[in-house]
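Below is one structure, written out as C-alpha cells; comments come after it.
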Amino acid sequence: MALRKFGPNDIVLNTMRTNPQVEYLIYDGNVYYNNNAYQSGALTDNILEITGGAVSLYEFNIDRPVTDGTDPITGLAKAVGPVPDEGRIRPWIFKGSARSSFKTTANFKAGESFINEFAYGDVLTGTYPLGGRIEREIMWNPGEMMVGTDLTTWDGPGACPANQCSKYATRPLYEHFYALKNRLNYYGYMSEHYKVASSYGDGWDKAVDKLNLISVPAIMYGSTIRRGSVSLKYYYTGSLLAELQDTKQNGELIETIGDNAGKVGGVVMYDEGFLILTGSWRIPGTPSTLYVGVSGSTSTRIDDYPRWIYFAAGAYDGNNSTTSSPPDAGQKMFANNAFKINFQAQTDIQVYTMFAHAPRGQVNFSTNPTFIEFGQSAVINTSSAVYEENPTRTIKNTVSSSYLDYNAPFKKQVFISRVGIYDDSKNLIGIATLADPVLKEEHQDYTFKIKLDI
C-alpha cells in the first residue's frame, strides 16, 4: 500500500445550509415535537426520560432503570469511584484549587455557596438527561419592578437575603423583558413593531402592555430561524380559526387567516429564537370566556377571550383543563383549544470534499493475503545471518473467463474496497468504505469523492 498526497485542488471546504422543518403542537397541557411520541423500553416507559416536546441534548441514560444506589443482594451502597451508583450516568468533578464547577449541580442546596460551603476534595455532581424545549411566559405588566422589602417574597435565584434588601433597591419582575429591550429596539430598523415604545399607528408601550414570550432553544433552530417560515395557528374544536405568518420576512407576524387579516400580532427574533406576541384582539369563533392561566404578579386566576397574547397556553406553564378541581366551564373549554407552531431551522454545516485519485498504471497491488496465489512459501531462506523472501511468488489470476475450464490471460487488477485518510504524521484518521468493491484494471483511472461533515 502506497501513500499519496492530496493535491492543491483535491481538498475543498464548502458550507452546506440545511433547513429542517420544526413543528410543535400544544394541546391541553401537552406539547408534541414533530409528532414524536414517547418511546417505551425494556426498563422505562420513556427511554429518553424527557417530557414531550423536548429534545435530549446528548441522549444519555437511554432506557436505564432508577435505583437507590444500593446493591439489591447485599443491601450495601454501591459506588463508581466517589459517586454513588444509582444506575444513571452523571457528570461529576472534584472541588480543587482551580475552583472548577458546574453552572448547576445536583447537590447544591438553597443558600449554599460554592466557595464557602464546599471543602477542597468535595465531589460536585450534575444530572442527566439535559433537555431542550420551548418555554412560554406571559408578562402581564412587563416593566413591573419589585421594590424594597417586596424582594423578600421573590421566589427565585436572586432572592435578597434576610435584612439585606436595602442592597436591592429594585429588581425587574420579568427579567427576560429587560434582557430583550435593547435588542428589540435594535431591530427597529426592520420593522417599527419591534420597538418597545412607538407612536406608529395607534401607538404602544410594551413595558405596560401584555406580552406573550415564546422561547425556542438553539438546539431546535440551529444558527437562526429561516426568514418567512414562521407560522402560528390557532385551532378551536379542530377548526383553524386564525393564523399568523411572517409573510414580509421582516419579523412581523401578520394575521393571514381570520377576521383581523393584515394586523400585526407580534414579532420574531430570528437569531435569538424568540416569538413575542402582542396581538390583544379577540379571535372570533371562540367562546366568550376562557380560562387562560394565572397572573404572574398576583397569581390570580384569569378568564378572558381567546387572544394571541394567550397563544400556546399549556406549554409547560402548568395550565390545562383540570388545573383546579373540580374544573369549571371555562377550564373545560380549555381542552377545545389547540396551537401549532411551524418554522424552518437553518443550520450551516462545514463539509470537506476530498478527491482521492487512483491513477492509471498505479494502485494495482493489494495487501490482502488472498492477492498472492495460495500455497506458496513466503520465505526461502532464514537464519541468524540471512532472511530471504521468495522472489518467485505469483499473483493470483482473478481475471474471469467466459469459457468453462479456461483461464483467461493474466492482467494486473485489484478490487478497491476502502480508502484510508491520514494526517501529516501518517496517523489514520478516517476510512471511507465502498458499498461494493470497485474493480480497477491497470489501464484505468479512478477518482473517489469523499465528503466529511465537521
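The values are calculated or read from the model by the stated rules, or taken from the named source; none is laboratory data. Keep in mind it's a predicted model, so treat the numbers as computed, not measured. We place every Cβ from the backbone using ideal geometry, glycine too, and count neighbours over all the protein chains shown.
Overview of values
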quantity: Selection within the stretch 34-77 - modelled with pLDDT of 80 or more, not hydroxyl-bearing (S, T, Y) and not in a loop (DSSP other than H, G, I, E, B); calculated: A54, V55
quantity: Pick from the stretch 226-241, criterion under 22 Å from G314 (Cβ atoms) and without any contact (Cβ under 8 Å) to a residue 60 or more places away in the chain, ranking: nearest to the chain's Cα centre (by Cα); calculated: L240
quantity: Criterion violated by L241 - all others in (1) touching a Leu at 6+ places or on another chain (Cβ under 9 Å); (2) assigned to a strand (DSSP E or B) satisfied; calculated: (1)
quantity: Selection from the stretch 426-440 of residues that are free of Cβ contacts under 8 Å to residues at least 60 places away in the same chain and charged (D, E, K, R); calculated: D436
quantity: The stretch 1-32, subset in contact (Cβ under 8 Å) with a residue 40 or more places away in the chain and either under 29 Å from R88 (Cα atoms) or of a type in the set (K, R) (or both), residue surrounded by the most Cβ atoms within 10 Å (Cβ to Cβ); calculated: V31
quantity: From F355, F343, residue being modelled with pLDDT of 85 or more, under 27 Å from K440 (Cα atoms), aromatic (F, W, Y) and within 36 Å of the chain's Cα centre (by Cα); calculated: F355
quantity: Single condition V55 does not satisfy, out of (1) free of Cβ contacts under 8 Å to residues at least 60 places away in the same chain; (2) surrounded by 13 or more Cβ atoms within 10 Å (Cβ to Cβ); (3) touching a Gly at 6+ places or on another chain (Cβ under 6 Å); calculated: (1)
quantity: Count - residues of the stretch 348-396 that are without any contact (Cβ under 8 Å) to a residue 12 or more places away in the chain, part of a loop (DSSP other than H, G, I, E, B) and within 29 Å of I429 (Cβ to Cβ); calculated: 1
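Residue-wise test of (1) crowded, with 21+ Cβ neighbours inside 10 Å; (2) charged (D, E, K, R); (3) at pLDDT below 75; (4) in contact with a helix residue (DSSP H, G or I) (Cβ under 8 Å, 6 or more places away or on another chain).
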site: I254; (1), (2), (3), (4): no, no, no, no
site: G296; (1), (2), (3), (4): no, no, yes, no
site: Y316; (1), (2), (3), (4): no, no, no, no
site: T322; (1), (2), (3), (4): no, no, no, yes
site: F334; (1), (2), (3), (4): yes, no, no, no
